[in-house]
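The numbers here are math on the coordinates, done by the rules we state, and not lab data. If you're wondering where the values come from, they're calculated on a predicted model, not measured in any experiment. Ideal geometry is used to build each Cβ from the backbone, glycine not excepted, and the neighbour counts take in all protein chains shown.
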Amino acid sequence: MTMSGMIIFGLFAFIWGWAVTKISIPLSFRYQILDVPEKRKLHREITPRGGGIVLWSGVLLFVLFYRDYMDMNLTLFAWCASAIFMVGYLDDMKSLAPTVRLILHLIASTVALLPLYRSGSLPVWGWLVASLWTASMISAYNMIDGMNGLVLTIFAVSSCIFLFAFKNVFWAFGIGITLGILPWNYPRARTFLGDGGSTLLGFTHACLLLYCLFWSDVLDKSFVPFCVFLALAGGIPFLDMSLAIIRRTAKGVSPFYPDKEHIHHRLIRRGLPTLFVLGIMSSLHAILVLLGLKIF
């Protein structure tokens, strides 16, 4: 697909994200798909959680109608992405144990990357490391979803970088749909993505990046360079999650124990405007991801 075609498709995805989110908000209130404020959260009013459904439905429609424009078969990805969304959606409705979520995320990530192993693009160790990283990115995106607009902006930045790096139409979709939902989530959140939406974005960032890289055969598959690349390609979500694990472990609490010490929490407490925080986080994220692609 030409770049002009990708732009047109991105605009279509934007319209889908904006319009369907608008529809999802009253439906979320009607069916009680709501996020209730609590101590560790920044918002102070009951807010719908329909944005995740918009993302998931958009991904499935993309795979259904535009798979012929892709150099890869996304059927297995779509099934695993649906499983990730459903786990997060269920967690929104009734909290699941962190270990249960992690196990399910690992299974879905391992299955989704199976084509790379079967094709010989990844050795066994690479498949396992990539699966672990993909599962960690699912949690990482979920962890940073604590400020209006942040997780959507981060994914949009990732999609911009990957679009120009790989010329793959999916990333045009990623830019369009996240920017379409963004006005409903920032500056005032009239809807949230919920765990279903944020984890779906983390899975998509990791899984489709690996698909693009290995089917392009452009990445060094030695162990240390591969691991360093994954750490950088995870950007701000992976960095923030790593710091959270270290911080919580040092305090003697579970790595899954929620707190308000994430990077965005600290910047907001310094009195920085949320738009400025978004700019800082997005810029640092772009630098990390670009550095990973440039070096490796």
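Rounded to the nearest whole Hz, the Karplus-based 3J(HN,Hα) values (6.51 cos²θ - 1.76 cosθ + 1.60, θ = phi - 60°) of the range 78-86 follow the sequence 4, 5, 5, 4, 5, 5, 4, 4, 5, with x at glycine and proline. With the Kirkwood sum run over all distinct C-alpha pairs, the range 86-206 has a hydrodynamic radius of 15.2 Å.
How large is Rg/Rh for the range 200-291, to two decimals, with Cα atoms and a Kirkwood Rh?
Working: Rg = 15.5 Å, Rh = 15.0 Å.
So for the range 200-291, dividing Rg by the Kirkwood Rh gives 1.03.
The phi-based Karplus calculation (6.51 cos²θ - 1.76 cosθ + 1.60; θ = phi - 60°) puts the 3J(HN,Hα) values of the range 6-16 at 5, 5, 4, 5, x, 5, 4, 5, 4, 4, 4 Hz, whole numbers, x for Gly and Pro.
Neighbour counts of C-beta atoms inside 10 Å place LYS22, LYS251, LYS260 in the sequence LYS251, LYS260, LYS22, starting with the fewest.
Could you sort the peptides 82-90, 122-130, 24-32 by per-residue average Cβ neighbour count (10 Å cutoff), highest mean leading? Numbers along the way, then the final one.
On the way: 82-90: 20.8, 122-130: 16.9, 24-32: 14.1.
Per-residue Cβ counts within 10 Å, averaged per peptide and sorted highest first, yield 82-90, 122-130, 24-32.
Taking 7 Å steps out from each Cα toward its Cβ at VAL129 and LYS167 produces label points 3.0 nm apart.
Run the dipole for the chain about the Cα centre, Lys and Arg Cβ at +1, Asp and Glu Cβ at -1, nothing else charged, and hand back the magnitude in debye, nearest 20.
Dipole magnitude for the chain comes out near 740 debye.
Projecting the Cα atoms of MET3, TYR117, HIS265 onto the charge dipole of the chain (Cβ charges, centred on the Cα centre) puts HIS265 farthest toward the positive pole.
Here the label points at ALA97 and PHE65, each 7 Å from Cα along the C-beta direction, are separated by 4.3 nm in the simple model.
In square nanometres and to one decimal, what's the mean projected area of the convex hull around the Cα atoms of the chain? It would help to have the intermediate numbers written out before the result.
On the way: hull surface 58.4 nm².
That works out to 14.6 nm².
For the chain, lysine pairs with C-alpha atoms less than 27 angstrom apart, excluding pairs fewer than eight positions apart on the same chain, total 13. Rounded, prolate or oblate, given the Cα gyration tensor of the range 130-169, with a/c below 1.5 counting as rounded? Taking the square roots of the gyration eigenvalues as a ≥ b ≥ c, the range 130-169 is oblate. The dipole here belongs to the range 187-296: it is taken about the Cα centre, uses +1 on the Cβ of Lys and Arg and -1 on the Cβ of Asp and Glu, and is about 520 debye.
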